[in-house]
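This report concerns only the one structure given below.
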């Protein structure tokens, strides 16, 4: 249980910490996840092939920490064709140099705890061992979630890792233990403590937040960076309006007679809120997903907008707020909501992805008072992106919006009145150019992808991951024929990862892309798996063909229930229905796995094969870029049929 809890904790900590220092990983979060799956699978496959303690794990982790701190990547300047969008300059090693290092290191680091978990499996009955593994995994998730809630810095994560290594790795030789466990642990804690003390960073559940306060021509300013990328400035409202015209345009384009109630999504450190107050807003709902950005604004913003009694703060996801509130507004602003990071565990979903879909803008329309207006602004940098968002507003509101392009870099303001009479455009928008992509939708919310394909950078990276995985498995486990009897378990791993991804993204839409929702969904998946194990251990369950039929039936139900219907339900009923729809196939899939796993001849090889299948499933997640998240259910269904076809004849009567 301790080794399993440490394994999950270490995986989450690696994803979180490396992404804060290597910006490439803020947009490739499943890169570390796939490396972790490879390491965990290899750790199980090593069981029985070596009796040595996996001292390599703390050594590699120490080297990884030093490498990342000495060679950070602060920003990436890629533009069109991938899932993120910024034109800032790059500092640090390029992606092709640092990403292989991170992937290999993650695999080696996780292989150590996995090997310790795998060695326990032969000592217990199959499902008993799996049960303790799941309880340990839930403990690891809970521990990391508590640290996230407490905004604990990475040095706290390093201390937990050092203690776990000290407890789990046996000191068979004192000199070797000191050199390979104690010394690397001290390096890890010392390096992370140095980072914590010198960077002056605040650790939110999403970012490493750094800030700098200074004066420019007598104007107090606070620059805020997240994960090394310049993100926001806290500036007095009067100066912001003088320096950048885009901030005044929403109020000029709106024909609302008064601003009794204003909603600002992406309130951040408070400048947009201060501007709304300066324009006469009588009440402002300020929605911000990151508590540390709100905390900085509340403490240091020159105008102190969050101290104004007219302002109500909501720390939540903007789309989730729109789906839950009954309030109506004179003006709704999407104020530069650019998260610069992805939802952990969902390879292609950014924190703000569900804000820019046609359905989201329709939700904004439905929350406007008669005569009210919706507006959004940002530095879009590409004409097709401005046109795509304007087309989305047109589809949601039923008429052309006002489109103002100001400054350089395609800085634009898009404003749409609840009716055409509720907006005041200087000139009519000419309309989208012929090559403009259609509006993003909830099933495929990838605003920054121009085409309906998988960009080549992802295909190359995923191909290399699969190649490295095949070579590593062959080197560690020997001939693949050893795993051939467990081909169906491999397929179960592939399809389960797709099913998990669909649920993570589905719950992000239904309840918000916050870290709390994400943690609850991952924990819920493990609870469903644990429930399946307990049911299989304690009760007589239907034979495998019947369980496969229940599983496929659950997938059909999940495919037939539209998210739009679930979003229309009251929140408590929505939660109940979403849980039933999402977790029925997960429960059935894990009853299938538990029944099949009980009868395996070699528990560690069988479990390793299942985990290695998860790597392939993690790569197949990117099919969502082409077919959407709902399409992943169809792919998962075909893979489960393939697993049933590969099921040994002797197991079909189980």
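Bear in mind these aren't lab numbers, they're just calculated from the coordinates by the rules spelled out. Here the structure is a predicted model, which means the values were calculated and not measured.
What separates the Cα centres of region 99-128 and region 1-75 is a distance of 11 Å. The DSSP beta bridges internal to the chain are antiparallel in roughly 60% of cases. So what's the angle, to the nearest 10 degrees on a 0 to 90 scale, between helix 624-645 and the longest Cα principal axis of the chain? On a 0 to 90 degree scale, this one is about 20. Calculated from the structure at hand, volume of the Cα convex hull per residue in Å³ is found among (1) 170; (2) 145; (3) 230 as (2). Cα centroids of region 611-641 and region 244-275: 41 Å apart. Where does helix 603-620 land angle-wise versus the long Cα axis of the chain, in degrees 0 to 90, nearest 10? Around 30 degrees separate the two axes. Using Cα-Cα distances under 8 Å and only pairs 6 or more residues apart, what relative contact order does region 163-278 have, in percent? Once normalised by length, the contact order is 14 percent. Compared with the direct C-alpha span, the chain from residue 470 to residue 213 gains 87.5 nm at full extension, assuming 0.36 nm per residue. Per-residue ellipticity at 222 nm, computed for the chain from helices alone with -39500 (n - 2.57) per DSSP H run of at least four residues, works out to -18000 deg cm²/dmol. Here the relative contact order of region 302-448, from alpha carbon pairs under 8 Å that lie six or more residues apart, stands at 24 percent. Based on C-alpha pairs under 8 angstrom that are at least 6 apart in sequence, the chain has a relative contact order of 15 percent.
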